Every structure is written in structure tokens, then in C-alpha cells.
1. Residue by residue through the stretch 171-194, note down the ones that are under 30 Å from residue 73 (Cα atoms) and in contact with a Leu (Cβ under 9 Å, 6 or more places away or on another chain).
2. Got a sec? Which of 153, 110, 89, 68 is under 20 Å from residue 304 (Cα atoms) and modelled with pLDDT of 95 or more?
3. Is it the case, given these coordinates, that residue 175 is surrounded by 18 or more Cβ atoms within 10 Å (Cβ to Cβ) and either more than 30 Å from residue 233 (Cβ to Cβ) or in contact with an Asp or Glu (Cβ under 9 Å, 6 or more places away or on another chain) (or both)?
4. Limited to the stretch 105-123, what total is found for residues that are surrounded by 23 or more Cβ atoms within 10 Å (Cβ to Cβ) and touching a Lys or Arg at 6+ places or on another chain (Cβ under 8 Å)?
5. Return yes when residue 271 is hydroxyl-bearing (Ser, Thr, Tyr), assigned to a loop (DSSP other than H, G, I, E, B) and on the phi < 0 side of the Ramachandran plot and no when it is not.
6. Pick out, from the stretch 1-101, the strands (runs of 3 or more DSSP E) lying fully within it that include 1 or more residues that are of a type outside the set (A, V, I, L, M, F, W, C) and either touching a residue at least 40 places away in the same chain (Cβ under 8 Å) or in contact with an Asp or Glu (Cβ under 6 Å, 6 or more places away or on another chain) (or both).
7. Of all residues in the stretch 130-171, count the ones that are crowded, with 23+ Cβ neighbours inside 10 Å, in a loop (DSSP other than H, G, I, E, B) and not polar (S, T, N, Q).
8. Give me the residue from the stretch 167-214 that is under 22 Å from residue 363 (Cα atoms), out of contact with any His (no Cβ under 7 Å at 6 or more places or on another chain) and among the hydrophobic types (A, V, I, L, M, F, W, C) and, out of that set, modelled with the highest pLDDT.
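The values are calculated or read from the model by the stated rules, or taken from the named source; none is laboratory data. Please read all numbers here as calculations on a predicted model, not as lab measurements. Note that we place each Cβ from the backbone using ideal geometry, even for glycine, and neighbour counts take in every protein chain shown.
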Amino acid sequence: MTLRTAGPPRIAIVGGGIGGLATAAFLRREGLPSTVYEQAPRLAEVGAGLVVAPNAARLLRRLGVLETLRERAVRLDTGWEFRRWEDGTVLSSENLADACERLYGEQTYTVHRADLLRVIEAQVPAQDVALDHKVVRLETGGTPRLHLADGRTVEADVVIGADGIHSVVRGALFAASPATYSGICAFRALVPAAEAPEFARRPTQTLWIGPDHHLVHYPVSAGELVNLVAFAPAGDYTVESWTATATVEELLTEFDGWDPRLVDLIRAAGTPGRWALLDRAPLTRWSEGGVTLLGDAAHPMFPFFAQGAAQAMEDAAVLARCLATGLDDPAGALRRYEELRIPRTTRIQAVSHGRSHINHLPDGPEQRDRDAAFARHDPLVANGWIYEYDPDVALGDKVAGPR
């Protein structure tokens, strides 16, 4: 495939979430214009909180937005504070304030998704984002062509599918891969800090673990809110949607008999969101010709390592550099991108998948062995392969623009 010789390549990004906007921002940093096609009439990130680990913070600093984000982010003093389900006994905790920057050059933060989306959006000119443009079909023969819901079509030299777990772009590239029922569902909620117990307002990522369940909480939005996400048996619930809801009573039922402090936190939640965790096997390739995938469209993963948004941003940084240095052969640039990224994202998918078994052990010998191992384990060091990652190093660049 050869690009037009007149002017820069026409790059279309399908999806205006964190991954899509980060791609546009990193492309712009490389001097490459793009257009983001977003089906919603305005940019808004559904969901609640997320963890910005050092590998993500590094990229946000490179985009020049980390300091702005810090105005609304919460810097974690403590992470991986594992607590026993019935009485809150601390099984292990990690001092992030002292060790994180020393090891990886950045701190760890928690943020509301909307705050993260907002700072990245600020790096993309408004005219480069086409709102209310829903892509319903992609033609991949010859020059890629996007078909919009209103009947219009758009041609592009390069199409990047950042359109999430139900990706139209992925469906056009590869045969349908049905999801596997995981048997787990997730709940999420935001609790006003004024209504949350004191222990939940600390700058700490806390994980309560118990039989068949676990629950994570941490403050977001400059400490004004506490983000809560819980995992439980799904039963016959199979809805995979960020907009589906449950009731507080349903969530309380799942954690009946747990530490009263945790129950008090759940009781203060508003209407929880609820979605089923559906499993998808990793793809062995993401690209075809001038079309590729990114983020959840390429590698949906369970949220147990809190790396979904971070991996989408890593994808964006690597893809932008590959295209910038491979304009004479965009298909080759996309192959290089997926060769660099697939081994890493597949590994993170695998470790995230295995985490649910560890967290959900029933009380007994295996659980006691796990708890003893937590006391000996240093997750900040053990997961260094995740947090030390730098796309510039992966690309073999010694110096790659402003740090």
C-alpha cells in the first residue's frame, strides 16, 4: 500500500475515548494530523475511577498534561492494601509514596475517568474531532472507507479502530470471536467523600478479598469522591454494558456478612453500575493493510491489574511513532506496531485473567497460604515489567522528544 504523495496521510481514528484521543494527541506530537470520529454528540467518559500507574503517568507527562491532571488526581501514599473480608485485617500494603518514584520515576495516582479524558482532549484541536459521527461499517478492500450512520462515507489512508470492546473495526478485519462467559460481574459506584467512612478517604488503594468476591476502593476527584468497584459471581447476568445499573440493595446482598465498615461504605453508594466480565481470547494480529486496532478493540482485559487505559495510551504512543517513521509504508508501520505491542498486552491479559482466582479463594488452606505469601510479596517490584515500560525504549529511541 502506498500513500498519496500530496499532503500528509489521511488518518481516521474511530472512537473518542481515552485511547482514541491519546492516539490523536500523540500523532499531533509527531506532526501528523488525524480526525477522530466519535458517535456521541459530546465527549464524555462513562465509568468512574481508574489508577494511573507510573507507565501511564510517564506518557501523560510526555503529552504535557500530567501537571494539569494532578489538580484533580489523588497521589497514592499506599497501594495494594489487601484486607481480609470479614474483619478488615491488613494482609499486606505497599508504601508507594517512598518507593514508586525512586523505582520508576513517577508516582501513582487515582483519577476520575472524565478528568483524564478532559486533559487529553485539550491536546487535540476541536476541529480534529468529529462528534455525532457513528461508524457503522468499514470497507477494507483498496482504500479504507468508513460508512457513517447518516449515509455519508469517509476515505482514509490509515484507519485506527479505538472503538472499544464491541469494535466495528475489529469486526471488519477479523471473523467474529464470540465472548466466553466468565461467571463474574462487576459493580461500580461513586460515594461522596463526606458520606464515606474515614478509612476510605485515605490516599490508599484498598482491596478487600474474600470467598468468590473482592472489592476495591480509593479516592478520586481531588478527594471529593470515593471510587468503588466490586466483583461477584454473575449468576445468569450476562449484560456487558457500561450503562447498565444495579441497586445498592443488590450490591449489599453480595457483601452480606463482610466487615461492617465496608458495608457502611457500600450503603453510601448511589445507583451502582453493573456489567458482566466476558472473556475474549487474545488476537494474534491487529492489522490488515492500512487498518489497525488499539486499546480494548485490540486487547480487552479483565480490570484486575488496572491497566486498561494505560495500555491504550501505550498503544497510542507506539503507533504514532511507527507511523511517523514509516510514512512510505503505512502497512509496514502498522505491522511493526503490532509486533511491538502484542506480546506485552497478551501477557497483561493473561495475568489479569488469573487474578480473580487468587482474590476469590474460599477460606481454607489455600487461602491461608495466599495470605502468608502476600506478607512476603512486594508487588511494586514484582510488577516492575509493567511499570518501567517506556515506548521510546521499546522503539529503540534514545531520545524521543520532550520528557
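1. Start the filter on the stretch 171-194 by keeping residues that are under 30 Å from residue 73 (Cα atoms), which leaves 184-194.
184, 185, 186, 187, 188, 189, 190, 191, 192, 193, listed by residue number.
2. Exactly one of 153, 110, 89, 68 is under 20 Å from residue 304 (Cα atoms) and modelled with pLDDT of 95 or more, namely 110.
3. Details: surrounded by 18 or more Cβ atoms within 10 Å (Cβ to Cβ): no; either more than 30 Å from residue 233 (Cβ to Cβ) or in contact with an Asp or Glu (Cβ under 9 Å, 6 or more places away or on another chain) (or both): yes.
So residue 175 does not fit the description; no.
4. Selection size over the stretch 105-123: 4.
5. Values: hydroxyl-bearing (Ser, Thr, Tyr): yes; assigned to a loop (DSSP other than H, G, I, E, B): yes; on the phi < 0 side of the Ramachandran plot: yes.
When the stated conditions are applied, residue 271 passes them.
6. On the way: elements: 11-14, 35-37, 49-52, 78-84, 90-95.
It comes to 35-37, 49-52, 78-84, 90-95.
7. Number satisfying all stated conditions: 3.
8. Restricting to residues being under 22 Å from residue 363 (Cα atoms), out of contact with any His (no Cβ under 7 Å at 6 or more places or on another chain) and among the hydrophobic types (A, V, I, L, M, F, W, C), the top hit is 209.
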